[in-house]
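Notes for the one structure printed next.
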């Protein structure tokens, strides 16, 4: 059983965003392990989007140009295409929300990765606590 005390944000250095003749967008990124679960995307209205792929990984898309950003800000949904080299690993649709601040806070642990320490209750649940003692002076 794996205990994951951290949730990671992986930076996607190179990605493509394409638009079809209907104005719909598709975002091409590197494939990650496992199937996405309830994915969503937050866009800060500037140059960064955060694809929340599942409860344990989010993908940071940094360096979105101004023209693309104005189109992205108008989208309700985008299609995400995960590639393993030139091969499509999976495709899925995600809702897009334009936000002032990302709801996911993190700290940079290295150049391409951020992680967030989970809340006390999440740590207790992940640890599998069956009993908690309150100690110290009263």
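Read the figures in this text as sums done on the coordinates, not as results from a lab. What you see is a predicted model, and the numbers here were worked out from it, not measured in a lab. Using ideal geometry, Cβ is built from the backbone for each residue, glycine included, and neighbour counts are taken over all protein chains shown.
Assorted remarks:
- As a rough footprinting exposure proxy, the listed residues 64, 9 were ranked by other beta carbons within 10 Å of their own, and the order from fewest upward is 64, 9.
- Separation in nanometres of the label points that stand 7 Å from Cα toward Cβ, at residue 26 and residue 54: 2.4 nm
- Length gained when the stretch residue 77-residue 65 is fully extended (0.36 nm per residue, less Cα-Cα span): 2.5 nm
- Between residue 46 and residue 103, the modelled labels are 2.1 nm apart [label points 7 Å from Cα along Cα→Cβ].
- For region 21-107: rounded, prolate or oblate by the Cα gyration tensor [a/c cutoff 1.5]: oblate
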